[in-house]
Amino acid sequence: MKRTGPIFRENAKTIHEPERLDLVVRGGRVVTPEGILDAEIGIVRGKIVRLAPKVSDATESELDAGGRYVLPGIIDAHVHFNEPGRAEWEGLATGSAALAAGGGTMFFDMPLNSEPPVLNAAALREKRRLAEEKSCTDFALWGGLTPGNLDQLAGLRDAGAIGLKAFMCNSGIASFANVDAKSLREGMKRATKLGLPVAVHAEDDALAAKLTAELRAKGRTDARAWLDSRPVEAELAAIRLALELAAETGCALHVVHVSSPEGIALIAEARNQRVDVSAETCPHYLLLNEKDVERLGPLAKCAPPLRDEKRRKALWADLRAGDIQTVGSDHSPSLPEMKDSANMFAVWGGIAGVQHGFELLFSACEKSVARDLPVLAAVLARNVARRFRIDDRKGQIATGRDADFSLVEFGKARTIHADDLWTRHRISAYAGERSRARVTHTYLRGKPVYAEGRLTNLPQPGQFLAPHR
Ligand SMILES: [Zn+2]
């Protein structure tokens with residue numbers, strides 16, 4: 001980074017010069033959903049004010065991107081940082097640091113597994129206060145939708161919730177009850193009036209419980225048993241119900257962590273029939289398959305579980321076809337000892353992947369950057385911002401938006417080591433994976449938060465965003 005000379009800066013003080021920029025990013029290949037541009041980016045007070053082949057305004061400083069790709073800051077709409085209450089599992093400081101190291105500039109924290117869960121405005125405000133103090137990226141907060149808090153939804157909206165999250169099966173957390181069809185319908189009706197989207201974890205509770213009981217009765221606790229306890233049919237049954245209720249109530253539905261192309265097909269069909277629904281999948285469904293569950297055991301346990309190789313490949317096709325609207329990490333870590341058992345039903349379910357999951361998606365596109373990086377710019381940033389109504393500020397490298405971006409380079413494959421992790425516990429399903437992509441810098445509102453393996457410019461408190469109306 002080079003700075004202009006002192007004489008020029010003195011001049012700028014005496015002559016009021018509104019055209020003077022704080023930062024110009026040169027030499028980058030800017031990735032937009034429409035394509036990759038050789039362009040320079042001019043930034044003032046954290047906002048992008050120029051995007052052009054050449055930016056010649058006077059500037060305070062310059063960043064040489066050195067031919068790297070400039071990607072929009074990832075907006076990870078699905079993390080569990082677990083603070084307050086279970087910060088020993090992750091925490092807002094460590095979780096946001098790991099996100100930034102992987103190219104992320106904003107997260108939406110789920111209403112669980114923090115304690116208390118975010119089921120009312122007071123809990124949301126408390127989490128907001130903590131994140132404003134600790135997060136190094138910007139953030140939004142999900143509120144919970146459970147049978148017991150239907151009269152709290154308006155309060156959650158007024159406190160700035162980005163949306164409401166419901167579980168259609170047991171959440172694994174005693175303080176966060178799952179909905180049944182009746183309470184989900186009622187919740188959706190109220191959410192529609194409040195103008196909030198409803199996100200669902202879609203797995204059929206009765207089917208998963210029945211299969212789990214049958215397998216455990218046979219003494220099965222192995223990886224294959226875990227996979228068999230939550231088949232694709234369990235996901236499809238729940239997605240069908242959620243789609244029916246969304247069609248009936250007019251609710252904006254967001255189906256999180258869809259694991260199967262069959263699930264995506266149901267959602268695509270509903271979208272064709274003008275149901276207001278979007279689909280999220282996660283890096284792990286695009287990068288790993290059920291063989292990895294057998295290989296890695298508890299590290300690769302998640303729900304819905306990883307699927308077979310054919311389905312993994314089909315999800316990439318759906319992504320490229322535009323049938324998957326967003327990709328979120330579903331980063332859901334726990335204490336290491338909660339992953340330490342051969343009994344796959346007893347260990348904590350959740351893949352910790354907020355730091356390397358997205359980078360590995362970039363790596364997977366190394367040979368098809370022109371086609372695929374724009375797709376990733378859409379599903380990791382623009383589409384998320386649009387769906388959750390923060391697109392006035394976030395989601396694109398475009399004038400008027402926050403200057404949130406990362407620099408990504410491709411090169412020799414390197415192995416991801418547990419030591420590279422910024423998360424509280426150095427546990428990741430991706431340790432040992434080989435990546436050809438590397439996030440070298442992450443900028444939030446025009447300032448570096450991560451550069452070349454270090455967190456920079458701390459403290460830079462993250463800002464809370466509520467959806468625009
Ligand atoms: Zn989750």
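The values are calculated or read from the model by the stated rules, or taken from the named source; none is laboratory data. Computed from a prediction, not measured in an experiment: that's the story for all the values here. Cβ: placed from backbone, ideal geometry, glycine included. Neighbour counts: every protein chain shown. Accessible surface is based on the protein model in full, side chains and every heavy atom, while ligands, DNA and RNA are left aside. Shrake-Rupley method; radii C 1.70, N 1.55, O 1.52, S 1.80 Å.
Inspect region 321-329 for any residue being in contact with an Asp or Glu (Cβ under 6 Å, 6 or more places away or on another chain) and more than 16 Å from the ligand (Cβ to nearest atom) and give the result as yes or no. Yes, there is a match, as at least one residue in region 321-329 is in contact with an Asp or Glu (Cβ under 6 Å, 6 or more places away or on another chain) and more than 16 Å from the ligand (Cβ to nearest atom).
Which of the helices (runs of 4 or more DSSP H) contained wholly in region 176-295 include at least 1 residues that are within 16 Å of the ligand (Cβ to nearest atom) and in the same structural domain as GLY328 (by TED's automatic domain parsing)?
Fully inside region 176-295 and qualifying: 205-217, 232-249, 261-272, 283-287.
Which ones in region 407-434 are farther than 30 Å from GLN463 by Cβ, in contact with a strand residue (DSSP E or B) (Cβ under 9 Å, 6 or more places away or on another chain) and not in a loop (DSSP other than H, G, I, E, B)? Across region 407-434, the qualifying residues are PHE410, GLY411, LYS412, ALA413, ARG414, THR415, ARG434. Exactly one residue among GLU359, GLU309 is among the charged types (D, E, K, R) and open to solvent by less than 10 Å² (accessible area, probe 1.4 Å), and that residue is GLU359. GLY462 fulfils the conditions (1) open to solvent by 20 Å² or more (accessible area, probe 1.4 Å); (2) in contact (Cβ under 8 Å) with a residue 12 or more places away in the chain except for a single criterion, (1). Among the residues of region 149-161, not a single one is under 22 Å from HIS78 (Cβ atoms) and touching a Cys at 6+ places or on another chain (Cβ under 7 Å).
Note on region 314-331: residues that are under 20 Å from VAL293 (Cβ atoms) and open to solvent by 10 Å² or more (accessible area, probe 1.4 Å) amount to 3.
GLY350 satisfies every condition listed in (1) in contact with a Cys (Cβ under 7 Å, 6 or more places away or on another chain); (2) at pLDDT 95 or above except (2).
Scanning region 23-61 for residues that are in a strand (DSSP E or B), among the small types (Gly, Ala, Ser) and out of contact with any Phe, Trp or Tyr (no Cβ under 8 Å at 6 or more places or on another chain) yields a total of 6. All conditions but one from (1) open to solvent by 20 Å² or more (accessible area, probe 1.4 Å); (2) touching a Phe, Trp or Tyr at 6+ places or on another chain (Cβ under 6 Å); (3) of a type outside the set (Gly, Ala, Ser) apply to GLU262; the one that does not is (2). GLY42 fulfils the conditions (1) open to solvent by less than 10 Å² (accessible area, probe 1.4 Å); (2) touching a residue at least 24 places away in the same chain (Cβ under 8 Å); (3) away from the ligand (no atom under 16 Å from the Cβ) except for a single criterion, (2). Please determine whether any residue of region 365-376 is open to solvent by less than 20 Å² (accessible area, probe 1.4 Å), more than 30 Å from ARG224 (Cβ to Cβ) and outside the structural domain of PRO298 (by TED's automatic domain parsing). The answer is no; no qualifying residue exists. Under the condition of being within 15 Å of ASP318 (Cβ to Cβ) and buried (at least 24 other Cβ atoms within 10 Å of the Cβ), the residues counted in region 281-294 number 4. Determine if region 309-319 includes at least one residue that is touching a residue at least 24 places away in the same chain (Cβ under 8 Å) and part of a loop (DSSP other than H, G, I, E, B). Checked region 309-319: no residue is touching a residue at least 24 places away in the same chain (Cβ under 8 Å) and part of a loop (DSSP other than H, G, I, E, B). Listed by first and then second residue, the pairs with beta-carbon distance under 8 Å, at least 6 apart or on different chains, first residue in region 386-404 and open to solvent by 20 Å² or more (accessible area, probe 1.4 Å), second of a type in the set (D, E, K, R) and not in a loop (DSSP other than H, G, I, E, B), are ASP391/ARG382; ARG393/ASP402; GLN396/ARG382; THR399/ARG50; GLY400/LYS47; ARG401/LYS47.
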